[in-house]
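First comes the structure, then the notes that go with it.
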Amino acid sequence: MPFGPDALWAPWRMKYLEDLHEGDRADDSPDVEPDKKQPKRESSGSFLLDYWRTPDDDASNHVIFRNEHGIILLNKYPYTNGHLLVALGEARPSLSDYEPAQRGELWLLVERAVALCERALEPQGLNIGINQGIAGGAGVPSHLHVHVMPRWVGDTNFISTVGGVRVIPSALEMMYERYARAVN
């Protein structure tokens, strides 16, 4: 008999699963979002690029910071509490596809994300990384982005090891508020 619960309920994950195949679903009225009764924005295929193009939606998209080069936002499906994504506004699939000056701007945004994370959450450590290409684990292979993940001793425990499940103890909205306070 396996150790652990029969099921782990995570209803917020359904939105993620549905969004994976959003383009595959039939829609009775493709030009209108049913709950909003307004024209649906055309998706670029990269939510990062879509967020970049819609600065008026920064709060609802959990964009914490933006400048003329790119954005810092909360990862909607985090590996750790307060997991940030950093992306340039111009979507390119690999680091070498950007000019040296653009790579410099990306790194400046990463440095800002690290400072925000340290100020807002006071983590004991950080993981910073890039997953380039599908084989490299990129969830959005057309738009390179950097992950900044705060870490604490004990943030992984038996449930990660035995159950293969991560526990994220805080809601996205609460993390957004903490980061928003740290920006000012």
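Electrostatic tally near TRP52: other residues with Cβ closer than 9 Å to its Cβ, Lys and Arg +1, Asp and Glu -1, net 0.
How much net charge surrounds ARG112 when only the other residues with a Cβ under 13 Å from the Cβ of ARG112 are counted, with Lys and Arg +1 and Asp and Glu -1?
-1
Can you give the FRET efficiency to the nearest 0.05 for ARG151 and LEU95, using r as the Cβ-Cβ distance and R₀ = 22 Å? Approximately 0.40, to the nearest 0.05.
For the range 49-88, taking Cα atoms only, Rg and Dmax work out to 9.7, 28 Å respectively.
Scoring 84-93, 104-113, 129-138, 144-153 by mean Cβ neighbours within 10 Å over their residues and listing the highest first yields 84-93, 144-153, 104-113, 129-138.
Throughout, read-outs are computed from the coordinates displayed, never taken from laboratory work. Everything numeric in this text was worked out from a predicted model, so none of it was measured. Quick reminder, even Gly has a Cβ in these numbers, built from the backbone with ideal geometry, and neighbours come from all protein chains shown.
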